[in-house]
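To start, the structure under review is shown below, and the notes come after it.
The values are calculated or read from the model by the stated rules, or taken from the named source; none is laboratory data. Since the structure is predicted, the reported quantities are computational estimates derived from the model, not experimental observations. Neighbour counts run over all protein chains shown; Cβ positions are idealised from the backbone, glycine included. Side chains are part of the model used for accessible areas, which takes the heavy atoms of the whole protein and leaves out ligands, DNA and RNA. Shrake-Rupley method; radii C 1.70, N 1.55, O 1.52, S 1.80 Å.
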Amino acid sequence: MSYSVQLILATIGIGVLIIVGLLALFSLFYHKVEQGKVVIRNGVGGHKVCFAGIIVIPVIHRYEIMDISV
């Protein structure tokens, strides 16, 4: 294999690893709540209330789950 083919394959491999890593981080940081509950995120960007799911980055955010069912 020539050097240019090896360089292209290495670039594609690194790109795939970066994409897989970003998807793994997204799945770790996404917090989903069930019906009848809300997630409240505090931290950078102020307070945010979400009824479905939200991304919480542990270093800059804190989250709480509250029950709002009647």
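In this structure, residue 50 and residue 14 have a Cβ-Cβ separation that, at R0 = 35 Å, corresponds to a calculated FRET efficiency of about 0.55.
Evaluated with a Cβ-only charge set (Lys, Arg +1; Asp, Glu -1), the chain carries a dipole of roughly 100 debye about its Cα centre, given to the nearest 20.
Computed from Cα atoms, the angle from the helix 3-29 axis to the main principal axis of the chain rounds to 10 degrees. Sequence-distant contacts, meaning Cα pairs under 8 Å at least 6 residues apart, place the relative contact order of segment 19-59 at 41 percent.
Enter the accessible area of residue 65 (Å², nearest 10), with the probe set to 1.4 Å and all protein chains included. Surface open to solvent at residue 65 totals about 90 Å².
In terms of accessible area, using a 1.4 Å probe and ignoring ligands and nucleic acids, 34, 64 rank largest first as 34, 64. Comparing 38, 59, 49 in a Gaussian network model of the chain, where Cα atoms under 10 Å apart are tied by springs, the biggest mean-square fluctuation is seen for 59. Pairs of Cα atoms nearer than 8 Å and 6+ residues apart set the relative contact order; for the chain it is 29 percent. Residue by residue, segment 46-60 carries 3J(HN,Hα) couplings of x, 8, 9, 10, 9, 8, 10, x, 7, 8, 10, 8, x, 6, 10 Hz when phi is fed to the Karplus relation 6.51 cos²θ - 1.76 cosθ + 1.60 (θ = phi - 60°); x denotes Gly or Pro.
Counting only protein chain heavy atoms and rolling a 1.4 Å probe, the accessible areas of 41, 62 rank, largest first, as 62, 41.
With Cβ to Cβ distances under 13 Å as the rule, what net charge do the other residues near residue 64 carry (K, R +1; D, E -1)?
With Lys, Arg at +1 and Asp, Glu at -1, the net is +3.
What does DSSP give for the chain in terms of the percent of beta bridges that are antiparallel, rounded to the nearest 5? The antiparallel proportion sits near 100 percent.
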